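Participant: One structure coming up, written as structure tokens, with questions to follow.
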């Protein structure tokens with residue numbers, strides 16, 4: 001099994017994440033791939049020191065690090081990781097893990113058994129917020145009418161958030177992540193394409209993880225990419241027969257934000273998406 005982690009200014013959480021991996025007592029070899037997206041803090045240094053102190057047995061664990069000079073975004077960084085895995089490992093399973101997620105001590109083992117005993121090609125844990133009381137993800141629904149995604153206590157699964165997902169690595173032989181998604185909605189896009197292929201995925205209720213969302217990207221960048229990436233996703237996946245509804249909704253929202261909401265970040269996202277759609 002290979003564990004792929006993309007770092008970007010996660011010095012407050014990365015050691016907690018790595019310690020939670022260490023506490024998962026697994027009976028098989030683990031390989032690690034760390035992609036650092038030009039972090040400006042001590043994320044990578046902390047991670048490397050942790051591996052040096054705790055994962056010294058090269059026969060059981062191997063670490064490969066890729067440090068980017070620029071922040072390439074999540075999708076491109078994940079694709080970098082896939083290329084490294086293809087070249088260096090023969091892993092049957094890939095665990096993509098956020099550097100702000102804590103795993104319960106049986107999480108990976110339960111994900112592994114769930115994947116092995118089912119016809120699914122990808123499984124996610126049931127995810128709570130860091131306070132361990134509020135459920136953050138148990139299912140997800142894509143609402144094409146309101147241009148929204150919903151995830152919480154849903155008995156429905158349109159996609160899995162890439163916080164903690166165990167994959168059968170064979171699916172990456174034909175598919176990678178769409179590089180047009182810098183941040184957000186790369187998971188919705190990936191699993192929507194999987195679903196169209198008839199590939200099964202779902203949630204393992206026995207696997208528990210905790211997402212420290214407070215240390216995720218915040219501020220205007222978050223608002224910008226939530227809007228911009230959502231527009232790319234919904235335009236890409238909106239049913240062709242009803243695509244005019246997408247553009248009707250787009251122009252209605254565009255004029256609302258231009259003349260009423262007065263949110264320059266949101267308006268910039270709309271303008272940038274429009275330019276992107278015309279050049280694509």
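The values are calculated or read from the model by the stated rules, or taken from the named source; none is laboratory data. Small disclaimer: the values here were computed from a predicted structure and weren't measured. Note that each Cβ is placed from the backbone with ideal geometry, even for glycine, and that neighbours are counted across all protein chains shown.
Participant: Have a look at 190, 181 and point out the one that is in contact with a helix residue (DSSP H, G or I) (Cβ under 6 Å, 6 or more places away or on another chain) and either crowded, with 20+ Cβ neighbours inside 10 Å or assigned to a loop (DSSP other than H, G, I, E, B) (or both).
Facilitator: Answer to the selection: 181.
Participant: Answer yes if at least one residue in the stretch 25-38 is at pLDDT 95 or above, in the same structural domain as residue 181 (by TED's automatic domain parsing) and assigned to a loop (DSSP other than H, G, I, E, B), and no otherwise.
Facilitator: Scanning the stretch 25-38, I find at least one residue that is at pLDDT 95 or above, in the same structural domain as residue 181 (by TED's automatic domain parsing) and assigned to a loop (DSSP other than H, G, I, E, B), so the answer is yes.
Participant: Further, regarding this structure: Exactly one condition in (1) buried (at least 18 other Cβ atoms within 10 Å of the Cβ); (2) modelled with pLDDT under 95 is not met by residue 204; state its number.
Facilitator: (2)
Participant: Next question. Could you say which residue among 51, 89, 93 is farther than 22 Å from residue 121 by Cβ and touching a strand residue (DSSP E or B) at 6+ places or on another chain (Cβ under 7 Å)?
Facilitator: Unique residue meeting the criteria: 51.
Participant: Can residue 198 be described as out of contact with any helix residue (DSSP H, G or I) (no Cβ under 7 Å at 6 or more places or on another chain) and in a loop (DSSP other than H, G, I, E, B)?
Facilitator: Yes: the conditions hold for residue 198.
Participant: I would also like to ask the following. Quickly run through the stretch 15-73 and pick out the residues that are in contact (Cβ under 8 Å) with a residue 40 or more places away in the chain, surrounded by fewer than 16 Cβ atoms within 10 Å (Cβ to Cβ) and within 21 Å of residue 85 (Cβ to Cβ).
Facilitator: 26
Participant: Another question, then. Looking only at the stretch 114-136, how many residues end up being touching a residue at least 40 places away in the same chain (Cβ under 8 Å) and either in a loop (DSSP other than H, G, I, E, B) or over 11 Å from residue 210 (Cβ atoms) (or both)?
Facilitator: 11
Participant: OK, next. I need the full set of residues from the stretch 150-183 which are closer than 22 Å to residue 239 by Cα and free of Cβ contacts under 8 Å to residues at least 60 places away in the same chain, in order please.
Facilitator: Once the filter is applied, which keeps residues that are closer than 22 Å to residue 239 by Cα and free of Cβ contacts under 8 Å to residues at least 60 places away in the same chain, the stretch 150-183 yields 150, 151, 156, 157, 158, 159, 160, 175.
Participant: Among the residues that make up the stretch 209-217, is at least one of them assigned to a helix (DSSP H, G or I), out of contact with any strand residue (DSSP E or B) (no Cβ under 9 Å at 6 or more places or on another chain) and at pLDDT below 95?
Facilitator: Yes, that holds for at least one residue.
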